[in-house]
Structures are given as C-alpha cells and as structure tokens.
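Right, one structure below, let's go through it.
The values are calculated or read from the model by the stated rules, or taken from the named source; none is laboratory data. Nothing here was measured: the structure is a model prediction, and the numbers come from that model. Glycine also receives a Cβ, built like all others from the backbone with ideal geometry; neighbour counts cover every protein chain displayed. Note: areas computed on protein heavy atoms with side chains; ligands, DNA, RNA excluded. Shrake-Rupley method; radii C 1.70, N 1.55, O 1.52, S 1.80 Å.
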Amino acid sequence: PVENEHLNMIRAKIYEKAISVRQVFRSFDSDKSGTIGRDEFRQGVHAMGLGLEGETVESLLAYLDPDRNGQIDYHEFMGALNL
C-alpha cells in the first residue's frame, strides 16, 4: 500500500541521519505530551524534508493512529515503522 512506501521514506531518513525512532518521536512531539498530534506529525514530516503533503500525510496519520483518537503514541509509531 501507499503507506508502506511513505513509511519506508521515514525509515530511510532515520537510517540516513543515524537517529533512533525514539529521537524522531521526541522531535515530532513538540509539546512533550508523550503523543504526536496531527499538527505535530505534519510539522515533523515537513522538518524531516520528506516532501509529503495533503492526502499522503492524512493517509499516514490514519495508518499510524489505528485507534483513531487523534494522537499517535510511541508504541503505535514504533509498531508502524516495524523497527
């Protein structure tokens, strides 16, 4: 699916920058709440320079937030990236 392609882009960026998933999660979690909100995710993806926008980001958000509570917790993030 499309999500896998875009998740692979995030994985590649993590490896390229030699950073951990936890570091990426923390950088996306700008309010330090322990979860990533929709706006934080959009900002984080933009900051990583992935060039993902609009429906692609919305699709990723839906995939990363399976319980549809509007927040991505660390386990959801880590599980989706399979790292």
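Within the option set F25, F41, F77, being without any contact (Cβ under 8 Å) to a residue 40 or more places away in the chain, surrounded by 12 or more Cβ atoms within 10 Å (Cβ to Cβ) and assigned to a helix (DSSP H, G or I) holds for one residue only, F41. Scanning the range 28-38 for residues that are polar (S, T, N, Q) and not in a loop (DSSP other than H, G, I, E, B) yields a count of 1. Need pairs with beta-carbon distance below 7 Å; first residue more than 14 Å from M9 (Cβ to Cβ) and within the range 52-65, second exposed (fewer than 15 other Cβ atoms within 10 Å of the Cβ) and at pLDDT 90 or above; sequence gap 6+ or separate chains. Final answer for the pair search is L61/R38. Would you mind stating whether H6 is without any contact (Cβ under 8 Å) to a residue 60 or more places away in the chain, open to solvent by less than 60 Å² (accessible area, probe 1.4 Å) and under 12 Å from the mean Cα position of the chain (by Cα)? Yes; evaluated as a whole, the condition is true for this residue. When the range 57-74 is filtered for residues that are in a strand (DSSP E or B) and open to solvent by 40 Å² or more (accessible area, probe 1.4 Å), the ones remaining, listed by number, are Q71, D73.
Annotation: L52 fulfils all but one of (1) closer than 19 Å to N82 by Cα; (2) open to solvent by less than 40 Å² (accessible area, probe 1.4 Å); the unmet one is (1).
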